[in-house]
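Worksheet: the structure to be examined is printed underneath.
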Amino acid sequence: MKLDPAFIWTAFVQLLSAVPTTLAITGVSVLCGFVIGTATALFRLYRIPVLAQLSAGYVTVIRGTPMLTHLLLIYFGLPVVVDGLSAELGLGWNSAKIPMIAFAYLSFSITAGAYLSEVVRSGLQAVDRGQIEAAWSIGMTTPQALRRIVFPQALAASLPNLSGSVIGLLHGSTLAFTVSVVDLNAKAQIVASTNWKFFEAYLAAALIFWGLTILIERITALIERKIHVYRKGGVA
Amino acid sequence: MIQLTGIRKTFGKQEVLKGIDLQVAKGEVVAILGPSGSGKTTLLRCINYLEKPGVGEIRIGDFVFDARRPGKKEIHALRQRSAMVFQQYNLFAHKTALENVIEGLTVVKKICKEEAQRRGTELLEKVGLGSKLNAYPSQLSGGQQQRVGIARALAMEPEVLLLDEPTSALDPELVGEVLAVIRKIAREGITMIIVTHEMGFAQDVASHVVFMDGGVVVEEGAPSELFTRPKEERTKQFLKRITPELSYSI
């Protein structure tokens, strides 16, 4: 086998068309996962009966099983549920009409929610209780205190973990190719097999993933620098 | 006027407040003294519902609060009538001195930002921090942080200002500046309840002194009375240990 350096660039250019799909899967799963994660973390921290136990169960089950398994379970399970409901209630739905990417959105959001739940929980626990007491003492309601005082500080505290999770989900989004979503990785496979140049195509894909990861790292660093203005501490 | 009636509080099986009655007239400065574990901080925190009293009634002005199963609205209403100065300052870490002071004005009192900033600046100047408006808490000394804490509490124009050992966490050399500020606002006629270990300060500033021990009020009275002629044996012991230079023997 001979390396064709020129084809790396050719593949690189062709792969760019799949970047929006990869970013969409990552973005949707991070955003939905963050909402799920925040809700479940709050249920657990405030020990809300039933919901707290359900949240803890959700986190351990989802973190205890691989991301690929979630995708396959959703892919094969959801149509059964949708068609069954449709037949039962006469809704006229058809599971075949669900776009493939929707399976990826749903399943990765569930995956992300479990991991981000722990990230958010550690962030919230890092905020001193005195902060919310001070907010209460000047007459704020609990939602106001959480939104204006606790969450911004929790977010700052969880930033390194959060950035790690986002990178993990970006890379995990490659699993979407198993349900025929043409993400970066799937596109690389297509480009590779039509030209019979696998190494070059996957190398190009690797470069793009690395580039996207650097972007996430840069954004994190930028926010961290802003936070550093008020935050002192740590060992450095 | 503030009136506490039959305030009880238990942590698990331990009863920390065993039915406290306390009256504070408008403009009065009440100092609560007592050994650690006597329940004085818990009592203060009950007034702001940072601790949940199990039983009792809290009356601030014309607002009556029944501690038995209060709703969210009642708790919120109670908290808006007082403001707390904390031992550990508890300034909002991600906000500057000025932002700390105006947070309650804009969010709770819904005052427009310009007006809030004007008032906030005024208050920070009053506590001697006119030059530190844009400093973050991490850039301020303990004494400066506590003075911001006092300004933040004053901004809410509470009917009663609660101070929980406001100088206990400070370096000795910084205690003076904070006490000076408290003394200044006391003279302006703001109703205050202050838990303190600064006996000299209590004697000097308070118009009424309450001595607590074991979850009950052991003795209360004017500072001139309580400090020089305490009636209860427990008070005598405490004062003797805290201020050994005061001797009651002839």
In the neighborhood of A:Arg44, defined by Cβ-to-Cβ distances under 10 Å, what is the net charge if each Lys or Arg adds +1 and each Asp or Glu adds -1? +1
Solvent exposure ordering (accessible area, 1.4 Å, most first) of B:Lys73, B:Lys110, A:Lys197, B:Lys9: B:Lys73, B:Lys110, A:Lys197, B:Lys9
Just to be sure I understand: of the beta bridges DSSP finds with both ends in chain B, what percent are antiparallel, rounded to 5? 60 percent
Solvent-accessible area of A:Arg44 with every protein chain in place, 1.4 Å probe, in Å² to the nearest 10: 60 Å²
For helix A:67-89, report the angle its Cα long axis makes with the longest principal axis of the Cα atoms of chain A; keep it between 0 and 90° and round to the nearest 10°. 90 degrees
When chain A is modelled as a GNM with alpha-carbon springs shorter than 10 Å, which of A:Gly33, A:Gly123, A:Gly90 fluctuates the most? A:Gly90
What translational D, rounded to a whole number of µm²/s, comes out for segment A:60-185 from Stokes-Einstein when the hydrodynamic radius is the Kirkwood one over Cα pairs, at 37 °C and 0.692 mPa s? 190 µm²/s
Give me the percent of Cα-Cα pairs in chain B that sit more than 22 Å apart, rounded to a whole number. 55 percent
With springs only between Cα atoms under 10 Å, which of B:Ala93, B:Ala202, B:Ala222 fluctuates most in a Gaussian network model of chain B? B:Ala93
Mind listing the Cα extents of segment B:1-56 along all three principal axes, in Å, largest one first? 37, 23, 18
Please work out how much accessible surface A:Leu175 shows to a 1.4 Å probe, ignoring ligands, DNA and RNA, in Å² rounded to 10. 40 Å²
Name the shape class, rounded, prolate or oblate, that the alpha-carbon gyration tensor gives for segment A:15-114, where a ≥ b ≥ c are the square roots of its eigenvalues, rounded holds for a/c under 1.5, and otherwise prolate holds if a/b is larger than b/c and oblate otherwise. oblate
Just from its helices, what would the mean residue ellipticity at 222 nm be for chain B, if runs of 4 or more DSSP H residues each count -39500 (n - 2.57) and the sum is divided by every residue, rounded to the nearest 500 deg cm²/dmol? -11000 deg cm²/dmol
B versus A: buried accessible surface, summed, Å² (probe 1.4 Å, to nearest 100): 2000 Å²
In segment A:118-139, accessible area falls by at least 30 Å² from chain alone to full assembly (1.4 Å probe) for A:Gln131, A:Glu133, A:Ala134, A:Trp136, A:Ser137, A:Ile138, A:Gly139
What percentage of the solvent-accessible surface of segment A:1-155, computed with a 1.4 Å probe over protein heavy atoms, is contributed by carbon and sulfur atoms? 70 percent
Provide the convex hull volume over Cα atoms per residue for segment B:13-135, in Å³. 161 Å³
Go through B:Thr235, B:Ile60, A:Ser163 and say which Cα lies farthest out towards the positive end of the charge dipole of the protein assembly as shown; charges sit on Cβ, +1 for Lys and Arg, -1 for Asp and Glu. A:Ser163
Put B:Arg59, B:Arg229, A:Arg63 in order of accessible area, largest first, probe 1.4 Å, and you get B:Arg229, A:Arg63, B:Arg59
Projected area, mean over directions - chain A, Cα convex hull, nm²: 18.0 nm²
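The values are calculated or read from the model by the stated rules, or taken from the named source; none is laboratory data. Please read all numbers here as calculations on a predicted model, not as lab measurements. Don't worry about glycine lacking a Cβ; one is built from the backbone with ideal geometry, like all the others, and counts go over all protein chains shown. For the accessible areas, the whole protein counts, side chains as well, though only heavy atoms, and no ligand, DNA or RNA atoms are used. Shrake-Rupley method; radii C 1.70, N 1.55, O 1.52, S 1.80 Å.
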